[in-house]
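The values are calculated or read from the model by the stated rules, or taken from the named source; none is laboratory data. As the structure is a computational prediction, the values presented were derived from the model and not from experiment. Cβ: placed from backbone, ideal geometry, glycine included. Neighbour counts: every protein chain shown.
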Amino acid sequence: MPTPHSLVSATHTDFELEVVAGTWPTDVGGEVVFSSPQNSRTLPYAIFDHGAICRLSLEAGTRGAAAERFAWQSRVIQSPGKRLFDRHPEVFASGTIGYLSPFGPPNCSNTAPLPWGNRLYTTWDAGRPVELNPDTLEFVAEVGHADTWGGSSMEMPGVLPFLFSSAHPVADPQRHCLWTVKLDLVFEPTPGMRPSLVRYDRDDGTSVRFWPLEGVSFGGSIHTISQTRDWVILSDSGNFKADSAEMMGGERTATTDDEVPVWLIRKDALEGLASGTPIKPVQLMMSPPAGHYYARWDDTDGISVVWEGMDLMDLGLYMRPDDHDVNGNPVDPGVVGLYNMAMAPETLTEIVFDPETGTVLEQGRFKQDWTFNLQLSAMDWSTEGLSKPTLHHVTYQGCRPGSISARAARLYEGRIDLDQVREETPGALCSFDRGSMELKARWEYANLSDHITSPAFAPRGSAPGRYEGGTPGGHDGYVVQPVCSDDGFRVDLFDAARVGDGPVATLAGTKRECVPLVLHSAWMPAFHGLADAQRLRFSDEVTAERLASVPEELHSAIHEVARECDELF
Ligand SMILES: [Fe+2]
């Protein structure tokens, strides 16, 4: 079976779900939010399309749903770039890495939701975090005036800045700030991207501060930021490389790295340091590359990190209509525009970084023939849970040869074991012990037409507005496992301590509705209303100089969008 056609054909709509199996527990609450690229089919690679936010309420009868029913809502993220796109789609050129326009590149913010206290953000790697109203899900503001980010990542005209950043900033519960990065194109010491660590303090969204990493330039991206109490952890993700030949219409030759640099920065070192001042990180090397990694907050015994390896997962590769798959079959139209899936089983590792000696100590490792397409996981994000994590839940989507192109196999000749990727394997939701990475539980999705996607952990019995449940760590609560299928979208709910027993309850749309591709998810308590804070207005960035870089016939659209956005908060 290929991945469900509905991943690319379903549209974003609101609908209601009902319990179709098991009993929905009374001690689960809050909601799960998802990010999704809309896939308007105007781009060759759908993951660069304008973002939407989806929300599943875990409490029946809330967010407008009928009694005994659960609300699914979806809203397009109306960033200034999206508003300009809607007025002048004809001036937006589509390329292999997204849209470009005389306005500048739009912030598509389509990759991950980021709840932070009573605030909700969405993120992506090629734009600033975007704040949404956690009640209505409507766009509120982008974070930090472009000038305070140090200007665009590379010079280009327009009123929309190009800020190459991270899809996974991290919220610091002690300093009440968000840590993320900005990447700048540099030519010294080598041509590449120079990262800066970026700090956004939650009460003032008009500005951020940044500190360039002295002497660092590299060829990849920083998809995830992680932290302990005292350290920020950055890494070259190694698995997304923009290919300049491909961008010009040629064939792709760039491949992922086998080993990537990790940079550690002491938070204290930034106290009182003026924005823009270079800082020297501790650098070490890790293998394999990882898109996602999560440190334990408590670093008394070292910087302990779950490293979700992306062995031979090249997110720069996407499926083209003229592609054949790794078995020589023409690719299914249902996978065109989606990413080329994993070409090897993935390695999950728990490690301890020692910043004093620059060494990496491995504590546990898990890899089996079936551990394909580890991309998404669920954990307890409360500060208490992050301090003493117990279980780490991972969704493996299984091997999907129909989503591995022959082109990719040629590009990875010598690195790919073709015998290992000939057959489809089932997906599975698994729970691992933190520390040892011992497999504690596994629930297999034997039906190959089920495409399981981003899971989320909901703590048991959390009070409204609180992230904490009963016993923190990841075992006392529920794992929400969404299942995409052409037979209708389902949500399986597992007892987090007993994933191997199977779902305790399942939801499905009352009309067997399907859901399009969603990427990351997150659990959050239900919030109503918009928090008071200083926020950036788009109009503050529309200076006379920036306006003058845009053709005059487009100015009225800019003024309209600026007026509209001024009314948002
Ligand atoms: Fe991600």
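The condition (being under 22 Å from PHE240 (Cα atoms), away from the ligand (no atom under 16 Å from the Cβ) and touching a residue at least 60 places away in the same chain (Cβ under 8 Å)) is satisfied by just one residue among GLY158, GLY95: GLY95. Looking at ASP501, ASP495, just one residue is exposed (fewer than 14 other Cβ atoms within 10 Å of the Cβ) and more than 25 Å from ILE77 (Cβ to Cβ), and that residue is ASP501.
If the condition is being without any contact (Cβ under 8 Å) to a residue 24 or more places away in the chain and at positive phi, then segment 246-297 contributes GLY249, GLY272. Annotation note: Cβ proximity below 6 Å between a residue of segment 179-192 that is among the acidic types (Asp, Glu) and a residue that is in a loop (DSSP other than H, G, I, E, B) (sequence gap 6+ or interchain) occurs for ASP184/SER153.
Only residues that are part of a loop (DSSP other than H, G, I, E, B), among the hydroxyl-bearing types (Ser, Thr, Tyr) and within 24 Å of the chain's Cα centre (by Cα) were counted across segment 514-550, and they come to 0.
Would you please list the contacts, defined by Cβ atoms under 8 Å and residues six or more apart or on different chains, that run from a residue in segment 111-140 that is under 18 Å from SER221 (Cα atoms) to a residue that is of a type in the set (D, E, K, R) and outside any strand (DSSP E or B)? Qualifying pairs under 8 Å: THR111/ASP125.
Only strands (runs of 3 or more DSSP E) whose full extent lies in segment 22-103 are considered here, and the ones with at least 1 residues that are among the basic types (Lys, Arg) and within 30 Å of HIS559 (Cα to Cα) are 70-76.
Yes or no, residue by residue, for (1) out of contact with any Pro (no Cβ under 9 Å at 6 or more places or on another chain); (2) closer than 23 Å to ALA274 by Cα:
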{"residue": "PHE85", "(1), (2)": "no, no"}
{"residue": "PHE139", "(1), (2)": "no, no"}
{"residue": "PRO157", "(1), (2)": "no, no"}
{"residue": "SER165", "(1), (2)": "no, yes"}
{"residue": "HIS176", "(1), (2)": "yes, yes"}
{"residue": "TRP179", "(1), (2)": "no, yes"}
{"residue": "LEU183", "(1), (2)": "no, yes"}
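Working carefully through the options SER405, SER454, SER436, find the one that is crowded, with 18+ Cβ neighbours inside 10 Å, of a type in the set (Gly, Ala, Ser) and away from the ligand (no atom under 16 Å from the Cβ). So the residue among SER405, SER454, SER436 that is crowded, with 18+ Cβ neighbours inside 10 Å, of a type in the set (Gly, Ala, Ser) and away from the ligand (no atom under 16 Å from the Cβ) is SER405.
The combined condition, being assigned to a strand (DSSP E or B), within 16 Å of the ligand (Cβ to nearest atom) and modelled with pLDDT of 95 or more, is not fulfilled by SER109.
For segment 339-366, the tally of residues that are more than 16 Å from the ligand (Cβ to nearest atom), in contact with a Leu (Cβ under 8 Å, 6 or more places away or on another chain) and in a strand (DSSP E or B) stands at 8. Cβ-Cβ contacts under 6 Å between residues 6 or more apart (or on different chains), taken from a first residue in segment 215-243 that is farther than 20 Å from LEU270 by Cα and touching a residue at least 12 places away in the same chain (Cβ under 8 Å) to a second residue that is β-branched (Val, Ile, Thr) and part of a loop (DSSP other than H, G, I, E, B), are listed as SER217/THR190; GLY238/THR256; ASN239/THR256; ALA242/ILE97. Restricting the first member to segment 329-341 and to residues that are at positive phi, and the second to residues that are surrounded by 15 or more Cβ atoms within 10 Å (Cβ to Cβ) and of a type in the set (A, V, I, L, M), the beta-carbon pairs closer than 7 Å and six or more apart or on different chains are GLY337/VAL8; GLY337/ALA46; GLY337/MET319.
This table checks each residue for (1) within 16 Å of the ligand (Cβ to nearest atom); (2) closer than 21 Å to THR277 by Cα; (3) assigned to a strand (DSSP E or B).
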position	(1), (2), (3)
PRO195	no, yes, yes
ARG199	no, yes, yes
SER207	no, yes, no
LEU234	yes, yes, yes
GLY238	yes, no, no
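Can you name the residue in segment 367-381 that is crowded, with 20+ Cβ neighbours inside 10 Å and away from the ligand (no atom under 16 Å from the Cβ) and, of all such residues, is farthest from the chain's Cα centre (by Cα)? Checking each candidate, the answer is THR371. Looking only at residues of segment 457-484 that are at positive phi and assigned to a loop (DSSP other than H, G, I, E, B), we find that the one that is surrounded by the fewest Cβ atoms within 10 Å (Cβ to Cβ) is GLY465. Among the strands (runs of 3 or more DSSP E) confined to segment 276-336, there are none with at least 2 residues that are more than 22 Å from TRP263 (Cα to Cα) and modelled with pLDDT under 95.
Taking the conditions (1) within 16 Å of the ligand (Cβ to nearest atom); (2) surrounded by fewer than 20 Cβ atoms within 10 Å (Cβ to Cβ) in turn, LEU100 satisfies each one other than (1). The number of residues in segment 395-437 being touching a Gly at 6+ places or on another chain (Cβ under 7 Å) and assigned to a loop (DSSP other than H, G, I, E, B) comes to 8. Scanning segment 377-394 for residues that are out of contact with any His (no Cβ under 7 Å at 6 or more places or on another chain) and assigned to a strand (DSSP E or B), we see that the one that is farthest from PRO4 (Cα to Cα) is HIS392. Of all positions in segment 82-91, none carries a residue that is more than 18 Å from GLY337 (Cβ to Cβ), within 16 Å of the ligand (Cβ to nearest atom) and not charged (D, E, K, R).
Restricting attention to segment 144-155 and to residues that are within 21 Å of ASP203 (Cα to Cα) and assigned to a loop (DSSP other than H, G, I, E, B), the residue that is farthest from the ligand (Cβ to nearest atom) turns out to be HIS145. Are any residues in segment 240-274 buried (at least 17 other Cβ atoms within 10 Å of the Cβ), part of a loop (DSSP other than H, G, I, E, B) and out of contact with any Gly (no Cβ under 8 Å at 6 or more places or on another chain), and if so, which ones? If the condition is that a residue be buried (at least 17 other Cβ atoms within 10 Å of the Cβ), part of a loop (DSSP other than H, G, I, E, B) and out of contact with any Gly (no Cβ under 8 Å at 6 or more places or on another chain), then THR255 is the only one that fits. Which residue pairs have Cβ atoms under 7 Å apart, sit 6 or more places apart or on different chains, and have a first residue in segment 541-569 that is free of Cβ contacts under 8 Å to residues at least 40 places away in the same chain and a second that is among the charged types (D, E, K, R) and surrounded by 13 or more Cβ atoms within 10 Å (Cβ to Cβ)? If the second residue must be among the charged types (D, E, K, R) and surrounded by 13 or more Cβ atoms within 10 Å (Cβ to Cβ), the pairs left are ASP566/ARG537. Answer yes or no as to whether VAL140 is more than 16 Å from the ligand (Cβ to nearest atom), assigned to a strand (DSSP E or B) and closer than 23 Å to TYR99 by Cα. Yes.
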